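Undergrad: This is the structure I have questions about; it appears just below.
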Amino acid sequence: MKNAISIYTVFEVFSEPKQVKEFDSSHWQSFIRILRGADLLATFYYLLERNSLLESIPPFALKHIESAKIYADRQAHQVRNESQALNLVLAKADIQPVFLKGAAYVLREDINHFGRVMSDIDILVKKSQLNAVEAVLQKNDWAESKLDDYDQQYYRKWAHELPPYKHVYRGTSLDIHFTLLPPVSGIDIDEESLFSNVQVTKDGSWALPPNLLVLHCIIHLFFNEDFSKSFRDVLDIHLLIEQLEASEGLDGIIKLSESMGFYKEVYYALSVRDLVFHTNSVQQYQLKSPKLSFITEFFVRKILYRAIMPSHDIVFNSWNNFARFIMYIRGHLLKMPITILIPHMLVKVRRALVTSVMGAHHYEK
């Protein structure tokens, strides 16, 4: 291995973990900093464990990794408790939530939940149930986050979720979705397709079925403007697809993406997965490029591949920043028509300038 950590080291190690045997102390110091910033330190512990590599880790590095693992395990335990509490509260309104993203991975015991940390719990309910959900939450110690009129409008008029809620005693953050993409994007996802084949977990909670769970993870990656932690999303996709391949293959998710209009996103996800983890999904399933092949190749290799690299001054460079800026603009354009996006961005810029002078809480009520 080279004497310094390169911008590709994280990808290489997550693809071939045994490479850590060649790390010296300086490699470990840099690598731990990078992984901590990417919220991947605990995930890395479990990767080493699955590959019987923990004994080859120097004690000073192992302490950091084990500490992150303990924190992640505790959070997974909290998610299980919070999900049961939410089920009981929403049952008072005869509502059964569908858990999404990190909470769903924990409740389903997917392989990617080991070591995964999350900032909130995400649930999906039907749009017709939103008023009842808010009413029962507010009666049971949940409070809506304090937002100004503009942010309230953003959530209530344009977003695919309610303003965030927080438990007044436990401090748990909750995002309540009624679909997977903002309605303002113009992409309509049939509600019945989201609720017709829910999977019941061991504790009786509801989660999306495997194919839709993976597709949602892919949608979340490609319709998101924030790529600062995107390698974690790509790793989620990779591990979830490994599970899917072991049980039923990928034909189901490819057909589902075609029927729901997300074939392009699945193609990009499988392409970047092939690049990072040396898999061969695109060729194996004979997927066709959604655009001219050289355009797709440039986007995947020069933009997407570089945008998902973990952010850290040790490895990040100007091209990575440029690629991430492209994905930032792309994410906004996908979620909002230009006639709404430009005024929205102008408001955001003005607010950023005001808060830089007046303080972060200037717009709070």
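Undergrad: Determine the pairs where a residue that is over 25 Å from residue 26 (Cβ atoms) and in contact (Cβ under 8 Å) with a residue 60 or more places away in the chain, located within segment 60-85, has a partner that is of a type outside the set (A, V, I, L, M, F, W, C) and open to solvent by 80 Å² or more (accessible area, probe 1.4 Å) with Cβ atoms under 8 Å apart, the partner being 6 or more residues away or on another chain.
TA: From segment 60-85, the pairs are 82/170.
Undergrad: Now, a different point. Report yes if residue 175 is in contact with an Asp or Glu (Cβ under 8 Å, 6 or more places away or on another chain), open to solvent by less than 40 Å² (accessible area, probe 1.4 Å), of a type outside the set (Phe, Trp, Tyr) and under 21 Å from residue 217 (Cβ atoms), otherwise no.
TA: yes
Undergrad: Return the only residue of 197, 224 being more than 26 Å from residue 38 (Cα to Cα), of a type in the set (S, T, N, Q) and either in contact with a Cys (Cβ under 8 Å, 6 or more places away or on another chain) or not in a helix (DSSP H, G or I) (or both).
TA: When all the criteria are applied, what remains is 197.
Undergrad: Name the residue that is nearest to residue 324 (Cα to Cα), counting only residues in segment 295-311 that are open to solvent by less than 40 Å² (accessible area, probe 1.4 Å) and in a helix (DSSP H, G or I).
TA: Restricting to residues being open to solvent by less than 40 Å² (accessible area, probe 1.4 Å) and in a helix (DSSP H, G or I), the top hit is 307.
Undergrad: Within segment 199-213, which residues are of a type outside the set (Gly, Ala, Ser) and more than 19 Å from residue 262 (Cβ to Cβ)?
TA: The answer is 199, 200, 201, 202, 203, 206.
Undergrad: Would you check which residues across segment 1-22 are exposed (fewer than 13 other Cβ atoms within 10 Å of the Cβ), over 26 Å from residue 302 (Cα atoms) and of a type outside the set (Lys, Arg) and list them?
TA: 22
Undergrad: Still on this structure, I have one more. Which members of segment 212-230 meet the condition of being modelled with pLDDT of 95 or more and more than 18 Å from residue 122 (Cβ to Cβ)?
TA: If the condition is that a residue be modelled with pLDDT of 95 or more and more than 18 Å from residue 122 (Cβ to Cβ), then no residue fits.
Undergrad: Does residue 21 meet the test of being part of a helix (DSSP H, G or I) and either modelled with pLDDT under 95 or closer than 22 Å to residue 318 by Cα (or both)?
TA: Answer is yes for this residue.
Undergrad: Still on this structure: Does residue 333 satisfy being in a helix (DSSP H, G or I), open to solvent by 90 Å² or more (accessible area, probe 1.4 Å) and either closer than 30 Å to residue 252 by Cβ or without any contact (Cβ under 8 Å) to a residue 40 or more places away in the chain (or both)?
TA: No.
Undergrad: Just a yes or no: is a residue in segment 155-175 of a type in the set (Phe, Trp, Tyr) and without any contact (Cβ under 8 Å) to a residue 24 or more places away in the chain?
TA: Scanning segment 155-175, I find at least one residue that is of a type in the set (Phe, Trp, Tyr) and without any contact (Cβ under 8 Å) to a residue 24 or more places away in the chain, so the answer is yes.
Undergrad: Give segment 23-45 a look and list any residue that's in contact (Cβ under 8 Å) with a residue 40 or more places away in the chain and open to solvent by 40 Å² or more (accessible area, probe 1.4 Å), or say none.
TA: 33, 39
Undergrad: Can I ask one more? Within segment 237-283, take every residue that is in contact (Cβ under 8 Å) with a residue 12 or more places away in the chain and open to solvent by 80 Å² or more (accessible area, probe 1.4 Å) and give me the one that is nearest to residue 181 (Cα to Cα).
TA: The extreme case among them is 251.
The values are calculated or read from the model by the stated rules, or taken from the named source; none is laboratory data. Bear in mind that the values here come from a model prediction, so they are computed numbers and not experimental data. Here the Cβ is made from the backbone with ideal geometry for all residues, glycine too, and neighbour counts use every protein chain on show. These accessible areas exclude ligands, DNA and RNA; they are computed on the full protein's heavy atoms, side chains included. Shrake-Rupley method; radii C 1.70, N 1.55, O 1.52, S 1.80 Å.
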